[in-house]
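Q: Please read through the structure below; I'll follow up with questions.
The values are calculated or read from the model by the stated rules, or taken from the named source; none is laboratory data. This one's a predicted model, so the numbers in the text were calculated from it and none came from an experiment. No Cβ is skipped: glycine too gets one built from the backbone with ideal geometry, and neighbour counts run over all protein chains shown. Each accessible area value is taken on the protein alone, full model and side chains, heavy atoms only, with ligands, DNA and RNA left out. Shrake-Rupley method; radii C 1.70, N 1.55, O 1.52, S 1.80 Å.
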Amino acid sequence: MSDNKAFLLIPGARLPSHDAERILASLPTESREAIESIGEGAGQAVPQVFDHGCYRRAPHLVWLWKVITRRASLPHEAPWRWLALGGREQAPELWCLTPYTLIEGRISPNRPQLDDSTFMQLTFAIEPIFLKAGLRLQIWDCHWFLTRREDWALTTTPAMALSGLPPNEARLEGAAANDVRQMLKEIETILTTHPINLERRTKGLATIDGVWISGGGHEELFFPPTLIRSVATNDDAVRGWANAAGILIERLGRDEGHWPDAPHGDIIAVIEDLYAPWLTQNWDAWAQALPIVAQKLKQYREDALRFEADTVLTVAFGETGAVTLASAETGLMDRLFRRKSKLAPSAWCPDCYQEGEA
């Protein structure tokens, strides 16, 4: 008998505990039925905490990094985001440099779109700050990256988790944290008075108010190869990890409700529709996305049969960790009458993310 598992990850599925009851009670019928379907087949919620630091708003990345690569460290994103754009391999440590726009003092979920001329003018404006700090600004299309000869003693909030945060609440940890914070403030000052932004303000266009450094690491191949057979995700870094851990490109899919053809074994899907509204606490948009998530879950659960997955586990993520919705221990009467368990949203959706709690 096989022991294959399908893991269905839902970032942003858990609600802040102080708001959960109110939000759940106000869901429209379709959204309420959708969130109730997430707990189908489950009888217990098993909690895990992944990170109270920089990755506290993106614990699913920690889960995926550790499961796919078998590394105990925090995720390295930048090398694979660079490669996904078509860049060449880089020997030094590589970091993402992400521009952002502020709306009422918080980082907008929408990245500013830069044409070639605007991008190069801003590049010339900020590059001297990085050179002074021993960093090289790397360019691919209209994307910035940084390289550094010696590895940085630095961990930061991943760029994907910035939405909705004031810049001073984005986390920097490590021996270099204070120097990097000061460098980023210096760049903010340059951008505030740059002619590009002055012109964009007069035209009512989104300004480039700052940049963020994240995801540093080296490209590598992971050994031993992963036992995961297929991963469905829209995240280029996760797809890169999976490929570097031995999963063929043709066995990596997008988040479309099914996996590509692959040998039978463990499989992973990441359903990302709740994550963006969860970051900004846009609970109306979050509720509207629930039926989409429920439909994908149904499709993945059905598709898992192709891989002879005996166990299908839904992993609902919140602020610092997740709960895995697992089957309950069944008694004789449950097995005889094939009673199906179902875990109510109230049992897993509220997210108590104080220190030491899931």
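Q: Please find, within the stretch 245-296, the residue that is nearest to LEU15 (Cα to Cα) out of those that are in contact with a Gly (Cβ under 6 Å, 6 or more places away or on another chain) and of a type in the set (A, V, I, L, M, F, W, C). Spell out how you get there, then give the answer.
A: Pass one, the stretch 245-296, residues in contact with a Gly (Cβ under 6 Å, 6 or more places away or on another chain): 259-260, 274-275, 278-280, 296.
So of that shortlist, the ones also of a type in the set (A, V, I, L, M, F, W, C) come out as 259, 274, 278-279.
Working: TRP259: 28, LEU274: 11, TRP278: 8, LEU279: 11 Å.
Across the stretch 245-296, the extreme among qualifying residues is TRP278.
Q: When residues of the stretch 130-147 are filtered for being open to solvent by 40 Å² or more (accessible area, probe 1.4 Å) and closer than 16 Å to ARG88 by Cα, how many remain?
A: At the first step, the residues of the stretch 130-147 found to be open to solvent by 40 Å² or more (accessible area, probe 1.4 Å) are 131-134, 136, 138-143.
Now restrict to residues that are closer than 16 Å to ARG88 by Cα: 136, 138-143.
Matching residues across the stretch 130-147 total 7.
Q: A further question on this structure: Quickly run through the stretch 104-128 and pick out the residues that are touching a helix residue (DSSP H, G or I) at 6+ places or on another chain (Cβ under 7 Å), part of a helix (DSSP H, G or I) and open to solvent by 20 Å² or more (accessible area, probe 1.4 Å).
A: Hits for the stretch 104-128 are GLN121, ALA125.
Q: Answer yes or no as to whether ASP284 is in contact (Cβ under 8 Å) with a residue 40 or more places away in the chain and closer than 27 Å to PRO345 by Cα. Let's see the steps before the verdict.
A: Working: in contact (Cβ under 8 Å) with a residue 40 or more places away in the chain: no; closer than 27 Å to PRO345 by Cα: yes.
So ASP284 does not fit the description; no.
Q: For the stretch 1-42, which residues satisfy the criterion of being of a type in the set (Val, Ile, Thr) and either more than 24 Å from the chain's Cα centre (by Cα) or under 24 Å from ARG301 (Cα atoms) (or both)?
A: Answer for the stretch 1-42, where residues must be of a type in the set (Val, Ile, Thr) and either more than 24 Å from the chain's Cα centre (by Cα) or under 24 Å from ARG301 (Cα atoms) (or both): ILE10, THR29, ILE35, ILE38.
Q: Then there is this: Of all the residues that make up the stretch 158-195, how many are over 30 Å from SER117 (Cα atoms), open to solvent by 20 Å² or more (accessible area, probe 1.4 Å) and part of a loop (DSSP other than H, G, I, E, B)?
A: Total satisfying the criteria: 3.
Q: So, of the residues in the stretch 256-300 that are buried (at least 19 other Cβ atoms within 10 Å of the Cβ) and of a type in the set (Val, Ile, Thr), which turns out to be farthest from the chain's Cα centre (by Cα)?
A: Going through the qualifying residues, I end up with ILE267.
Q: Does the stretch 86-95 contain at least one residue that is touching a Cys at 6+ places or on another chain (Cβ under 9 Å) and under 30 Å from ARG111 (Cα atoms)?
A: Initially, the stretch 86-95 is screened for residues touching a Cys at 6+ places or on another chain (Cβ under 9 Å), giving none.
Within the stretch 86-95, none of the residues are touching a Cys at 6+ places or on another chain (Cβ under 9 Å) and under 30 Å from ARG111 (Cα atoms).
Q: What residue, of ALA326, ALA316, ALA309, ALA358, is at pLDDT 95 or above and open to solvent by less than 40 Å² (accessible area, probe 1.4 Å)?
A: Details: ALA326 fails: at pLDDT 95 or above; ALA309 fails: at pLDDT 95 or above; ALA358 fails: at pLDDT 95 or above.
Result of the check over ALA326, ALA316, ALA309, ALA358: ALA316.
Q: Restricting attention to the stretch 202-251, and to residues there that are within 29 Å of LEU191 (Cβ to Cβ), in contact with a strand residue (DSSP E or B) (Cβ under 7 Å, 6 or more places away or on another chain) and among the charged types (D, E, K, R), which single residue is surrounded by the fewest Cβ atoms within 10 Å (Cβ to Cβ)?
A: ASP209
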